[in-house]
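Enquirer: Here it is, the structure, as structure tokens.
The values are calculated or read from the model by the stated rules, or taken from the named source; none is laboratory data. If you're wondering where the values come from, they're calculated on a predicted model, not measured in any experiment. Note that each Cβ is placed from the backbone with ideal geometry, even for glycine, and that neighbours are counted across all protein chains shown. These area figures cover heavy atoms from the full protein model, side chains too; ligands, DNA and RNA do not enter into them. Shrake-Rupley method; radii C 1.70, N 1.55, O 1.52, S 1.80 Å.
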Amino acid sequence: MQQVIIIGSGMGGLTAGNLLARKGHKVTIFEAGGSPGGYTAGFRRQGYYFESGTLSFESSSDVFKVMKEIGVYDKVAFVRQATGIMAGEMNGVCSSYADFKRLAYAAYPAEKDRLDGYFGAADKMIRTMMAVMAPRGLAAYLAYPFQIVRFAALYKKYSRQTITEFAARSFGRDSALFRYFKDIGYPDMSAALIGPALASFLDDYWTVKTGMQSWANALADQFRDAGGELKLGTRVDKIATRNGAAVGVTSQGDLHPADWVISAADYKKTLLEMIDDPSLVPPALRDKIGRTAVSEGIVTVYLGLDMPPDELRTWLKAPHVSYRDPSAEADIRAGGNNPEYFRRVPIGLYSPSLHDPGLAPEGKSGLMIQAVAPYHWLDNWGGGDRQKYRALKEAVKQALIAKAAGVVPGLAERIEFSDVATPLTYERYTGNTDGATSAWSWNPKNKFYKNALTVNVDTPVKHLLIGSCWASQIGGVPGAIGAARKCVKRIG
């Protein structure tokens, strides 16, 4: 039996904790927040439930396999997440990649040749990825070595291109299609991920009907039932080391010994701030950690509406909607000093209560409005001046409400409750540097890991592992679960 301490009760920490406890190890999870979940948590305000971070996840076969192994799959109400698209001529609900293609061709029949080129490349990526990731039948297994070669060639061809560059080559920079397709996924993510992203986010996109917090709660309960200890509201101050190895953590002045420490928390803070002996992190690695960008943060406006779910559904068509005003254009790369950025940016709208009316007071609806935020917008939201920060938050909230009124007419008059979260808010509550939404940057020209598809749990400190989405370049819920599994295998 090993004594294991896990820092953070997000999806990675809770998964690793459950799997280790089931193997008979003594496991303690330290969580700074008052409830489990990390970036997969939620909260209620005035009876309205909102998600704190993650709205959905993909790679369901891998996720569900682990949830069944832990024993919580039947305790969580997983449901498919359809996406409504409102972007100029493209207007409809997509439950699959095929739906999305039909919508694009119907909206832009004159652009068939260019769409053929774009989707042809995406389809080739998807077919090759599936042949490598999930071969089926004898013929598929015999062809596996050749598919590996094809996958490597495709990945090499597209991995150094950004999605913006690929969309420009496909449609031309002056086209409406370019303006839409360049914003699919994360800003300037690798073009090699276009096919897998479209397939994942359209064919295999899931959420939890009763809110992400209910998933975290189920995992936390299962962990305790397996003998694990979850310390909520208990922040880890330092990772204690001896002779180059982690030997526990300190919290509130006390040392808690361990044979292994798993950080299911922010990578930068773990290696640059939490290790008690900074010399254990080589200077070159410290420099790389410090300068590598993280994934973009978001701004979220939370609204409680005096509007029945059925009425809201007539406008949204689906719980999750992607909305782009064709008359407005925002460049996130140049948006850091642009005070008008949030008046022009595309937005996402999400209503948890359209999945479950019980997530809002009877006869009412909750609505979230989200927009990707430039790094350190306007001197990182006011340069530390609290009065400026509050004024910027209010201005952005009103701008995003006005934009969302293009989807829900008369929205402002139906608001009973409102609040707003910025990247600074997300960093304060999740610990993620700059409020990162999915670990490291998705831009192929700013990678932390050499291979974006690997899971990297080891650190320069012996017996200190990374058990969160930060163990892979593109993170996410599947990345966190993959890291947790690898940590468990390493500990044995």
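Enquirer: I'm checking my understanding of the structure. Among residues of the range 169-224 that are part of a helix (DSSP H, G or I) and aromatic (Phe, Trp, Tyr), which one is nearest to residue 321 (Cα to Cα)?
Expert: 201
Enquirer: While we're on this one: I need the full set of residues from the range 222-257 which are at pLDDT 95 or above and among the small types (Gly, Ala, Ser), in order please.
Expert: 226, 227, 228, 233, 240, 244, 245, 246, 248, 251
Enquirer: Another question, if that's okay. So, of the residues in the range 80-131 that are over 22 Å from residue 349 (Cα atoms) and open to solvent by less than 20 Å² (accessible area, probe 1.4 Å), which turns out to be modelled with the highest pLDDT?
Expert: 115
Enquirer: Out of the range 332-360, which residues are buried (at least 18 other Cβ atoms within 10 Å of the Cβ), of a type outside the set (Val, Ile, Thr) and assigned to a loop (DSSP other than H, G, I, E, B)?
Expert: 346, 351, 355, 356, 360
Enquirer: Within the range 24-43, is even one residue without any contact (Cβ under 8 Å) to a residue 24 or more places away in the chain, within 28 Å of residue 321 (Cα to Cα) and over 20 Å from the mean Cα position of the chain (by Cα)?
Expert: Within the range 24-43, none of the residues are without any contact (Cβ under 8 Å) to a residue 24 or more places away in the chain, within 28 Å of residue 321 (Cα to Cα) and over 20 Å from the mean Cα position of the chain (by Cα).
Enquirer: Given the options 490, 428, name the one that is more than 26 Å from residue 21 (Cβ to Cβ), among the charged types (D, E, K, R) and open to solvent by 10 Å² or more (accessible area, probe 1.4 Å).
Expert: On inspection, the qualifying residue turns out to be 428.
Enquirer: Among the listed residues 50, 64, 43, which satisfies the condition of being open to solvent by 10 Å² or more (accessible area, probe 1.4 Å), farther than 20 Å from residue 263 by Cβ and in a strand (DSSP E or B)?
Expert: Every option except 43 fails the conditions.
Enquirer: Ok, one more. Are any residues in the range 305-331 in a strand (DSSP E or B) and either over 18 Å from residue 358 (Cα atoms) or charged (D, E, K, R) (or both), and if so, which ones?
Expert: Residues satisfying the conditions are 321, 322, 323, 324.
Enquirer: Could you list, in sequence order, the residues of the range 406-428 that are within 22 Å of residue 32 (Cβ to Cβ) and in a helix (DSSP H, G or I)? Give the steps one after another, and end with the answer.
Expert: From the range 406-428, those within 22 Å of residue 32 (Cβ to Cβ) are 419, 421-428; that's our starting set.
If the condition is that a residue be within 22 Å of residue 32 (Cβ to Cβ) and in a helix (DSSP H, G or I), then 423, 424, 425, 426, 427, 428 are the ones that fit.
Enquirer: So, one more: Among the residues of the range 1-33, which ones are assigned to a loop (DSSP other than H, G, I, E, B), surrounded by fewer than 19 Cβ atoms within 10 Å (Cβ to Cβ) and at pLDDT 95 or above?
Expert: Scanning the range 1-33 gives 2, 23, 24.
Enquirer: Take residue 468 and decide whether it is buried (at least 18 other Cβ atoms within 10 Å of the Cβ), modelled with pLDDT of 95 or more, within 26 Å of residue 278 (Cα to Cα) and not hydrophobic (A, V, I, L, M, F, W, C).
Expert: Working: buried (at least 18 other Cβ atoms within 10 Å of the Cβ): yes; modelled with pLDDT of 95 or more: yes; within 26 Å of residue 278 (Cα to Cα): yes; not hydrophobic (A, V, I, L, M, F, W, C): yes.
Considered against the rule, which asks whether it is buried (at least 18 other Cβ atoms within 10 Å of the Cβ), modelled with pLDDT of 95 or more, within 26 Å of residue 278 (Cα to Cα) and not hydrophobic (A, V, I, L, M, F, W, C), residue 468 comes out as yes.
Enquirer: Next question. Identify the residue in the range 225-245 that is in contact with a Phe, Trp or Tyr (Cβ under 7 Å, 6 or more places away or on another chain) and outside any loop (DSSP other than H, G, I, E, B) and, among all such residues, is most open to solvent (accessible area, probe 1.4 Å).
Expert: First pass over the range 225-245, keeping only residues in contact with a Phe, Trp or Tyr (Cβ under 7 Å, 6 or more places away or on another chain): 230-231, 234, 236.
So of that shortlist, the ones also outside any loop (DSSP other than H, G, I, E, B) come out as 230-231.
Values: 230: 23, 231: 57 Å².
So the residue we want is 231.
Enquirer: Can you go through 390, 344 and tell me which one is at pLDDT 95 or above and out of contact with any Gly (no Cβ under 6 Å at 6 or more places or on another chain)? Steps first, answer last, please.
Expert: On the way: 344 fails: at pLDDT 95 or above.
On inspection, the qualifying residue turns out to be 390.
Enquirer: Still on this structure, please answer the following. Taking the condition of being small (Gly, Ala, Ser) and closer than 17 Å to residue 350 by Cα, how many residues in the range 30-46 meet it?
Expert: So the count comes out to 2.
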